[in-house]
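Here the structure is laid out as structure tokens; the discussion comes afterwards.
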Amino acid sequence: MRIDILTVMPELLESPFKHSIMKRAIEKGLVDVHIHNIRDYSQDKHKKTDDYAFSGEAGMVMTIQPIDSLITKLKNERNYDTIIYTSPDGKRLDQKLANSLSTLENIMILCGHYKGIDQRIRDFLIDMEISIGDYVLSGGELAAAVISDSIIRLIPGVLSDETSALSDSFQDDLLAPPVYTRPAEYKGMKVPDILLSGNTKAIENWKLEQSLERTKRLRPDLLK
Ligand code: ADE
């Protein structure tokens with residue numbers, strides 16, 4: 001898979017891809033992440049990427065030219081399965097959407113910023129808008145990192161134990177069961193006996209019961 005991220009704040013995206021699972025996925029060659037600075041494509045003599053809104057609203061609006069130039073350049077190099085714009089107006093990211101995006105070959109993610117972007121970009125250059133939740137971030141970079149992480153960990157071979165992505169919370173509309181590690185007792189706090197029993201079947205049943213109980217208690221909406 002290849003992910004191209006288009007941003008005016010590339011520095012904000014430096015760290016997430018340099019650690020942990022996303023770093024390993026890149027090193028293993030399972031995903032290729034390219035971060036592009038939209039400013040590099042501005043034809044303005046001051047490399048401006050934003051301007052005042054025609055409607056007179058406060059706040060700057062990202063202009064169409066640099067974004068169009070960059071998207072056109074990338075599209076001339078390869079076919080993109082989808083071009084995503086990060087926005088609180090978009091379709092809410094959930095596990096189902098992450099699963100379906102993880103099967104794609106080439107994804108472009110355009111990060112919004114400032115007050116917004118020229119509507120013509122959304123109307124003519126973008127395929128879908130994704131929100132990571134009902135709140136407003138200062139920019140789309142953190143959302144792009146969240147979307148990328150949720151997708152990349154699902155690519156086969158990225159997680160060393162392939163079943164562990166399948167047992168994530170939400171993968172079957174259930175929250176994951178609790179996990180414990182050594183010591184079996186700490187300051188009087190004990191690991192449930194069943195986990196020390198060695199009875200695999202009983203442990204599997206316990207995990208399912210715990211998942212159901214947690215989901216009912218914490219996220220009853222998932223069971224509907
Ligand atoms: N940009 C600003 N807020 C956002 C959100 N909640 N999701 C995605 N992109 C955003």
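The values are calculated or read from the model by the stated rules, or taken from the named source; none is laboratory data. Keep in mind that this is a model prediction, so the values were computed, not measured. Glycine also receives a Cβ, built like all others from the backbone with ideal geometry; neighbour counts cover every protein chain displayed. Ligands, DNA and RNA are excluded from the accessible area calculation, which covers all protein heavy atoms including side chains. Shrake-Rupley method; radii C 1.70, N 1.55, O 1.52, S 1.80 Å.
A few notes on this one:
- Descending by average beta-carbon neighbour count within 10 Å, the peptides 30-40, 126-136, 148-158 line up as 148-158, 30-40, 126-136, the highest first.
- Approximate shape of the stretch 1-72 as ellipsoid semi-axes (Cα gyration tensor, √5λ), whole Å, largest first: 31, 13, 10
- A protection proxy built from the mean count of other Cβ atoms within 10 Å ranks the segments 82-88, 43-49, 174-180, most packed first, as 82-88, 174-180, 43-49.
- The portion of the accessible surface of the chain made up by carbon and sulfur, rounded to a whole percent, is 52 (1.4 Å probe; DNA, RNA and ligands excluded).
- nm² value of the averaged projected area, convex hull over the Cα atoms of the stretch 72-116: 3.9
- Across the stretch 44-55, rounded Karplus estimates of 3J(HN,Hα) from the backbone phi angles (6.51 cos²θ - 1.76 cosθ + 1.60, θ = phi - 60°) give 6, 5, 9, 6, 5, 10, 9, 7, 5, 6, 4, 6 Hz, Gly and Pro being marked x.
- Rg to Rh quotient for the stretch 80-189, alpha carbon positions, Kirkwood Rh: 1.11
- Residues whose amide H lies under 5 Å from that of D50, counting only those 5 or more places away or on a different chain, are T63; hydrogens are built 1.01 Å from N in the peptide plane.
- Accessible solvent surface per residue of the stretch 49-112, calculated while the other protein chains remain in place, 1.4 angstrom probe, Å²: 51
- Under 5 Å from the amide H of V8 lie the amide H atoms of I38, each residue being 5 or more positions distant or on a separate chain, with H modelled from the backbone and absent for Pro and chain starts.
- Comparing G157, N205, L223 along the charge dipole axis of the chain, the residue lying farthest to the positive side is N205, per the Cβ-charge model.
- Taken over the stretch 169-223, the convex hull of the Cα atoms encloses 88 Å³ per residue.
- Distances between placed amide hydrogens fall under 5 Å for I35 paired with I5, all partners being 5 or more residues away or on another chain.
- The 3J(HN,Hα) values that the Karplus relation (6.51, -1.76, 1.60; θ = phi - 60°) gives for the stretch 171-184 are, in residue order, 5, 10, 6, 10, 6, 6, x, x, 10, 9, 9, 5, x, 5 Hz. Gly and Pro appear as x.
- A simple rule links phi to the HN-Hα coupling: the Karplus curve 6.51 cos²θ - 1.76 cosθ + 1.60 with θ = phi - 60°, which for the stretch 98-110 gives 4, 4, 6, 5, 5, 8, 7, 8, 10, 10, 10, 10, 9 Hz, with x for Gly and Pro.
- On Cα atoms only, tilt of 200-218 relative to the major axis of the chain in degrees: 50
- The value for the chain of Rg(Cα) / (2.2 N^0.38 Å) is 1.26.
- Ignoring lysines fewer than eight residues from K216 along the same chain, the ones with Cα atoms less than 17 angstrom from its Cα are K207, K224.
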